[in-house]
Amino acid sequence: MTFGEYDYGPTTGRLIVEIANRTLPGYVKGNRNVIYAGDAGRGLVRVCEQGRPGERYLLTGENISMSELVIKIAEIAGAPVPRAIPVALARVASALQTARYEWLKGPVPRVDATAIAVMSAGQFVNGAKARSELGFTATETLDNTIKRALEWFRSNGYVKPALSS
């Protein structure tokens, strides 16, 4: 997961926005690797300048469980911690939302089957190759990454002002 400023979707930052706005009904347990967007961008430049053609490099930040990540985001945002939802229940909710969207022209599903599969899969990653071959190491801490992204979302109206204090 990449968090940082200028996430206009928001894309992966949606997790931060929904926790801060208290609109995340729950999350699916799994493992993540979180990196600051600025570090990822710096790493991509290194890959372009120093990487070997045809090689793949994992630009990594911090490996963390979704449970720990959600707690950390909630604490930084001053919001309650959402509950973990069993994968089976999340799949049923997703299927119902998708059916409502497709058949009844209802709202766009909040989460789809692909997102659930990605969230529940283990994704601890090892960036040793990028460190050894490119000298790449993420420099921003996870706490600062979350704080920077949250501040940007607040200042750009993604997080409701009444909830931002």
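The values are calculated or read from the model by the stated rules, or taken from the named source; none is laboratory data. All values derive from a computational prediction rather than experimental measurement. Note that we place each Cβ from the backbone using ideal geometry, even for glycine, and neighbour counts take in every protein chain shown. Ligands, DNA and RNA are stripped out before the accessible areas are found, and what is left, the full protein with its side chains, is counted by its heavy atoms. Shrake-Rupley method; radii C 1.70, N 1.55, O 1.52, S 1.80 Å.
Cα-based Rg of the chain per 2.2 N^0.38 Å, rounded to two decimals?
1.13
Can you give the convex hull volume of the alpha carbon atoms of region 72-134 per residue, in Å³?
Dividing the Cα hull volume of region 72-134 by its residue count gives 157 Å³.
Let me check against my output: what whole-number percent is the relative contact order of region 37-134, with C-alpha pairs under 8 Å and at least 6 apart?
Normalised by residue count, the contact order of region 37-134 is 36 percent.
Separation between the Q123 and T11 pseudo-spin-labels, each 7 Å from Cα along Cα→Cβ, expressed in nm?
1.1 nm
At 15 angstrom or more along the helix axis (alpha-carbon based) and mean Kyte-Doolittle of -1.0 or higher, what helices does the chain contain? Whole DSSP H runs only.
Helices meeting the span and hydropathy rule in the chain are 37-50, 66-77, 87-104, 142-155.
Sorted by accessible area with a 1.4 angstrom probe, largest first, how do W103, W152 fall?
Result of the area sort, largest leading: W103, W152.
If you line up the Cα atoms of region 117-165 on their principal axes, what length do they span on each, largest first, in Å?
46, 29, 15
With viscosity set to 1.567 mPa s and temperature to 4 °C, compute the Stokes-Einstein D of region 49-105, Rh being the Kirkwood radius across alpha carbon pairs; µm²/s, no decimals.
83 µm²/s
Pick from G54, G26, G78: which residue has the top mean-square fluctuation in a GNM of the chain where Cα pairs under 10 Å get a spring?
For the chain, modelled as a Gaussian network with Cα springs under 10 Å, the answer is G54.
First select every other residue whose beta carbon is under 15 angstrom from the beta carbon of P161; then total the charges, Lys and Arg +1, Asp and Glu -1.
Here the charged neighbours net out to +2.
Under 9 Å from the Cβ of Q97, count the other residues' Cβ atoms, weight Lys and Arg +1, Asp and Glu -1, and hand me the total.
Around Q97, the surrounding residues sum to +1.
Which whole-number value in Å² is the accessible area per residue of region 52-165, probe 1.4 Å?
62 Å²
Using a 1.4 angstrom probe on heavy atoms only, work out the carbon and sulfur share of the accessible area of region 33-103 in %.
C and S atoms contribute 58 percent here.
Note the full-extension length gain between S67 and R83 as 0.36 nm times their separation in residues minus their Cα-Cα distance, in nm to one decimal.
Extra length available between S67 and R83 comes to 4.9 nm.
Please work out how many pairs of lysine residues in the chain are eight or more positions apart (or on different chains) and have Cα atoms closer than 28 angstrom.
Lysine pairs, 8 or more places apart or on different chains, close enough: 8.
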